[in-house]
Every structure is written in C-alpha cells, then in structure tokens.
1. What is the chain by shape, rounded, prolate or oblate, if you read a ≥ b ≥ c off the alpha carbon gyration tensor as root eigenvalues and call it rounded for a/c under 1.5, prolate for a/b larger than b/c, and oblate otherwise?
2. Mind grabbing the base-10 log of I(q)/I(0) for region 62-146 at q = 0.20 Å⁻¹? Debye formula, identical points on the C-alpha positions, no solvent, two decimal places.
3. For a quick check, take a GNM of the chain with Cα springs below 10 Å and name the residue from 167, 108, 57 with the largest mean-square fluctuation.
4. Taking only the Cα atoms of region 1-83, how large is their convex hull per residue, in Å³?
5. How large is the helix-only mean residue ellipticity at 222 nm for the chain, computed as the sum of -39500 (n - 2.57) over DSSP H runs with n ≥ 4, divided by its residue count, in deg cm²/dmol to the nearest 500?
6. Hey, with R₀ at 30 Å, roughly what FRET efficiency would residue 163 and residue 36 work out to, going by the Cβ-Cβ distance, to 0.05?
7. Just subtract the alpha-carbon distance of residue 107 and residue 12 from 0.36 nm times their residue separation and send over the number in nm, one decimal.
8. Going by alpha carbons, how many degrees (0 to 90, nearest 10) lie between the helix axis of 177-190 and the longest principal axis of the chain?
C-alpha cells in the first residue's frame, strides 16, 4: 500500500513539474510572442539594417551636445547592476552630488537654477530610467537645436510629439530619451 502511494506521489510530482515548470512557461512565452511580439523580445529598437540600438525600457547615456541627456544614473546605466544610490535627501554625499549636477546643468543649458527639473539632478531608483519629464526635455531644446543647427521650434515640436501620456490618467507624462534622440537623428538627416 505504501509503495503504491509513493509511486503515485512521484508521478504526481513529475507531472506537476512538467506542467508548471515547463509547459506553462512555454504557453505563456508563445502567447506573448504572438500577442505582444515587440515587448516579448525586450522592446528593442533597431536600425533599418536590423542591428539593435537599445531598448525603450532601459536608459542609456547620451553626453554629446546634439542629444537630449537622460537623468543621472547611480550605476552608469549598467543594466547588470541596477540600483539606486540609496542616499536619503539629507545625506551629505547626496547633497554634494545634487549641487554638482545642478551647477553642471545650469552651465551646460544656460538656464536659471529654478528652471531645472528635479529629475535632472537626482538618479532614478534603478539607475536605468529611460524617461525624463517633458520639462526636462524642453529645458534642453536650446542646446540641442544650437548644436544641430536646427530651428528651435522644430526641436520643441519633436519633444511635444514624443510626450507619452499616462495610461488611464494615472501618473505623469514622460519622454523616452532614446526614442526622442532617434527622432532627432531622423529629423537632422531630413533637414537641408
């Protein structure tokens, strides 16, 4: 009697492992690939020739004058070590970093310190945030337009086009920096 129960328990364990450890994952993966193919492969952005430029979900560093810059990253946008700085607002190192970023941003953009959005001075929680606020993008338009030799209004229009509004009105509008910079490259190629 005990052997029969043991065999039944082993068979049940094997069937359960196959169903929920393998088959379930294959079904979910297949459904995702069919229903959401772009998202299932990581929301990758590709060049026309198919090479991957990046993911719309992972921020990356842009430092050249002709590109919009993302918010700071505590991990230098290294997706293998996603983390925040874990400093509180009153921590002396955090305060020094924010003050240094503010001075650098004001110098680079030529704006009043009161016009600098807070996300341009503080690192995101994961250090990989691909978005900035519309204000964070608009405050950079004069520098980007000047560096590219594009009309300021054209660059502002690109920012407005790339504002993503929150789903169901929950959250704040954001701008994906990588997608905006790719659109900027495309607009720059079209300008005479």
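Read the figures in this text as sums done on the coordinates, not as results from a lab. Keep in mind that what you see is a predicted model, and the values were worked out from it rather than measured. No Cβ is skipped: glycine too gets one built from the backbone with ideal geometry, and neighbour counts run over all protein chains shown.
1. Values: a/c = 3.31, a/b = 1.89, b/c = 1.75.
Prolate is the answer for the chain, as a/c is 1.5 or above and a/b outweighs b/c.
2. So the normalised log intensities work out to -0.95.
3. 167
4. Values: hull volume 13.2 nm³, N = 83.
It comes to 160 Å³ per residue, whole-number rounded.
5. Numbers: 8 runs with 88 residues, N = 192.
One gets -14000 deg cm²/dmol as the mean residue ellipticity at 222 nm.
6. Details: r = 23 Å, r/R0 = 0.76.
After rounding, the FRET efficiency stands at 0.85.
7. Working: separation 95, 0.36 × 95 = 34.20 nm, distance 6.73 nm.
So the chain would gain 27.5 nm between residue 107 and residue 12.
8. Value to nearest ten degrees: 60.
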